Amino acid sequence: MSIATGRTQGVGQGIGQSLLRPDGTLKVTGEFAYSSDLWLDGMLWGATLRSPHPSAWITSIDIGPALKVPGVYAVLTHEDVPGEKFYGLEHKDQPVLAIDQVRYQGEPVALVAADHPETARRAADLIEVGYEIREAVTDPRKAAFDLSAPPVSVHGNLVRHQPVRVGSTFTADVVVTGEYEVGMQDQAFLGPESGLAVPAEDGGVDLFIATQWLHVDQDQIAPCLNLPKDKVRLTLAGVGGAFGAREDLSMQVHASMLALRTGKPVKFVYGREESFFGHVHRHPAWMRYEHGATREGRLVYVKAEIVLDGGAYTSSSPAVVGNAASLGVGPYEVPNIEIDAYGTYTNNPPCGAMRGFGAVQACYAYESQMDRLAEACGLSPVEIRVRNAVSQGSLLATGQVIDTPAPLAEMLLELEAMPMPGPSSLDLRELPGGVAQTTHGEGVRRGVGYGVGIKNICFSEGFDDYSTARVRVELLGGEPHVLVHTAAAEVGQGLIMVKTQIAQTELAELGIDQVTVVPADTTVGSAGSSSASRQSYVTGGAVRAASVAVRERLDALTAGGRSLVEVLADHGPVEETREYRHRRTYPMDPITGQGDSHTQLALCVHRAVVDVDVELGLVKVVELAAVQDVGKILNPLALEGQIHGGTAQGLGLALMEEIQVRDGKVLNPSFTDYLIPTILDMPPMRLSILENADPHAPYGLRGAGEPPTLSSTPAIAAAVRDATGLPLSRVPIRPDDIALTVV
């Protein structure tokens, strides 16, 4: 069994350089060890029996037929959970295994461990479960507002209602209204959920798992196993993408239960279909907006109602609602605001974190409104945004002052001034539909659209958000070497590389350039989640602080002129551990929504150019241009990759990605029917990356991974509207939204 480490060496490879990722070559060549590659001799395979119904009472469970299958070692139900039967990211409301009822299609009901994966799956299919099907609550608006709707949760059907109230003037010369919908998007990481649980001699368990947050997993797993936390040891295995979906538990408790019951290592690997049922998704949203402005296009007020479908359990829905409410008017100066954001429980698939959560849904609506307002006022899409753009000193909807650079107007003007792509080509490879020869250009129209997004960075609303880093300098092979140890999850964003560069930067004056990043595990303090674009900020801050502490100690030890090698040979390793916290945040007021709820804010603006075949409804994104302020560039190449990647997910939401759910059942749990952008769908990109330092952040940086996902979706939708003349108030835009309407 192997766990990847990161090791680099070389002078001048600190922050600001495009240092190659130590795990990059292995991933490209196929040699990288992902969690699905884990293996131990004698291990068993786990399988999960899941509910076929979105809502039902469980009347009986008969595991007898499964136990009779040769090669089966254990079959477990909720009665076999050793400790607490519920877990949860924010609230413990999700059962380890269904007890008396199921609340969504795919809910885990029973577990099997066998000596072969096919045997385990076949045995799971033989478990006989009696169900009494009941009415499923699948309309989140009904769940939120109809008191006669059956309760999905013991708490009712409302996860959170967060109002925002500012000012009292809600009349204006120009008023535009719109209703908008965002479909359920999947994180669609390429490495499905997998992991290996190994029973230990001390009665505990060692779990090797692909996750985003080792310590919060440990906090949830240990009580369910009835074990102290120090007997549940987690090590990060190779992660094949995350984007929020690995924040919640999947098979962590299940694998551990089976390993402890059988006394053997147990491995789980979900197939693609099971993965769609095994993790949370992006909240679908229904939004009604009203914007009022002066005749010159200055915003007077914004009213909004935002309903987010959280599915069967809480997950991170409260935070998603908070983001949607606090950022619900976008990066614009609005003196009067009335927002109501709701998160609901339904019998649809559970929803939670996904890149830009909460802010993505609201951004699509408020940016669509800004385009409508521009048309009503006779202004260009850029001009309407420039006239209302926030800047340093502006107030958010929550009353929080933007106290760092926010040059939105300048970013928009720079974006507008970028060269446009050339005219449509008649090369079939460049036309909508490609070489399928659906068109030779007859029905193709070009459109241009703009989008602006603002995203909070790090955790908000008073969360104790911190990271821990241990930095050690020792002699290896007679040369000084740095070991960096954190629990921060490398999920594909390049964190191993960033930690390496920070250590090299802070220890460069000592002449140390060999750095190894130790595998992330729970033997070091928590680093928090690899989400909210926070790891460069908080884990970067912790690595920097620990590196500085080590440097200061070594400076003192070498002050007499002794060489570093001599000091380390006599003194032994020098090690320091530090925690880093960002500035304090506060909860939003439950009535007015006011409060300094966010740590940092990041801006990105996009321009999209599309060609649309209006006869067939096919869209070709010709070019995307973006301007983003990142405060400080740590690694230029990796940063460009983050912007490209975030933009790709925004493109997917705009044009193709949606989990189709009907009556609580998922209709397309495969990459055959759930479409994600490929290299053929991604157009050339023009980028301008600005560095306006945030004085509160390490090196002045801003988290960069999420903002491009926000602004790319409305920009593409606006470009399709521009090409077709259609209102197109829902994403993803389907071919029939265009072809059946355009004349």
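The values are calculated or read from the model by the stated rules, or taken from the named source; none is laboratory data. Given the structure is predicted, the values throughout are model-derived calculations rather than measurements. Ideal geometry is used to build each Cβ from the backbone, glycine not excepted, and the neighbour counts take in all protein chains shown. Calculation scope for accessible area: heavy atoms of the full protein, side chains included, ligands and nucleic acids excluded. Shrake-Rupley method; radii C 1.70, N 1.55, O 1.52, S 1.80 Å.
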Q) Sorted by average packing, counted as other Cβ atoms within 10 angstrom per residue and highest first, what order do 354-364, 43-53, 338-348 take? A) 354-364, 338-348, 43-53
Q: Provide the gained length on full extension for the span L637 to F170, in nm with one decimal, where the gain is 0.36 nm per separating residue minus the Cα-Cα distance.
A: 163.5 nm
Q: Tell me what the chain gives for mean residue ellipticity at 222 nm when only DSSP H runs of n ≥ 4 count, each as -39,500 (n - 2.57), the sum divided by the residue total, rounded to 500 deg cm²/dmol.
A: -8000 deg cm²/dmol
**Q.** Neighbour net charge for D555 - beta-carbon separation under 14 angstrom, K R +1, D E -1
**A.** -1
Q. If the cut-off is a Cα-Cα distance under 19 Å, which aspartates and glutamates reach K620, setting aside same-chain residues fewer than 8 apart in sequence?
A. D427, E430, E442, D611, E657, E658, D681, D722, D736, D737
(Q) With an 8 Å Cα cut-off and a minimum separation of 6 or more residues, compute the relative contact order for the chain in percent. (A) 16 percent
Q: Grab the beta carbon distance between E333 and T741, set R0 = 41 Å, and tell me the FRET efficiency rounded to 0.05.
A: 0.70
Q. Once Lys and Arg get +1 and Asp and Glu get -1 on their Cβ, which of P698, T741, L687 lies farthest toward the positive end of the dipole of the range 683-743?
A. T741
Q.
Using just the Cα positions, wrap the range 40-88 in a convex hull and report its mean projected area in square nanometres, one decimal place.
A. 5.6 nm²
Q) Rounded to the nearest 0.05, what FRET efficiency is calculated for E430 and A556 with R0 set to 56 Å and r the Cβ-Cβ distance? A) 0.30
Q) Given the range 600-649, what whole percent of its Cα pairs are spread farther than 16 Å? A) 53 percent
Q. Based on the Cβ-Cβ distance of Y586 and S391, what FRET efficiency does E = 1/(1 + (r/R0)^6) give at R0 = 22 Å, to the nearest 0.05?
A. 0.40
(Q) Students often get this wrong, so check it: of K27/K229; K229/K264; K303/K632, which have C-alpha atoms separated by over 24 Å? (A) K27/K229; K303/K632
Q) How much net charge surrounds L40 when only the other residues with a Cβ under 14 Å from the Cβ of L40 are counted, with Lys and Arg +1 and Asp and Glu -1? A) -2
Q) If you average 1/r over every pair of different alpha-carbon atoms in the range 213-333 and take one over that average, what Kirkwood value in Å do you get? A) 18.1 Å
Q | Per residue accessible area in Å² of the range 104-189, where ligands, DNA and RNA are left out and the probe is 1.4 Å | A | 46 Å²
(Q) Less than 12 Å Cβ to Cβ from I591, Lys/Arg counted +1 and Asp/Glu -1: what total charge do the surrounding residues give? (A) -1
Q | For the range 464-508, projected area of the alpha-carbon convex hull averaged over all directions, nm² | A | 4.0 nm²
Q: Under 12 Å from a label point 7 Å along Cα→Cβ of T59: give me every residue in the range 122-160 with its amide N that close.
A: 129-134
**Q.** Peptides 466-473, 514-521 ordered by average Cβ neighbours within 10 Å, highest first
**A.** 466-473, 514-521
Q | Three-way shape call for the range 609-689 based on the alpha-carbon gyration tensor, with the a/c threshold at 1.5 | A | oblate
**Q.** Interchain or long-range residues, amide H under 5 Å from A110's placed H
**A.** L49
Q. Accessible area per residue, 1.4 Å probe, Å², for the range 435-559: what's the number?
A. 30 Å²
Q: Work out how much length S148 to E509 would gain on full extension: take 0.36 nm times their residue separation and subtract the Cα-Cα distance, in nm to one decimal.
A: 123.1 nm
Q) Given a cut-off of under 8 Å on Cα pairs at least six residues apart, what relative contact order in percent is computed for the range 293-389? A) 37 percent
(Q) Accessible area of the range 319-415 with a 1.4 Å probe: how many percent of it is carbon plus sulfur? (A) 51 percent
(Q) I'd like the Kirkwood hydrodynamic radius of the chain, using the inverse of the mean 1/r over distinct C-alpha pairs, in Å. (A) 26.9 Å
(Q) Could you report the range 252-300's accessible area per residue, 1.4 Å probe, as an integer in Å²? (A) 30 Å²
Q: Give the ranking of R686, R581 by solvent-accessible surface, highest area first, calculated with a 1.4 Å probe.
A: R581, R686
Q | GluC sites (Glu not before Pro) lying in DSSP loop within the range 637-714, provided at most 15 other Cβ fall within 10 Å | A | E691
Q: Send over the Kirkwood Rh of the range 420-482, from the inverse of the averaged 1/r over different Cα pairs, rounded to one decimal Å.
A: 18.7 Å
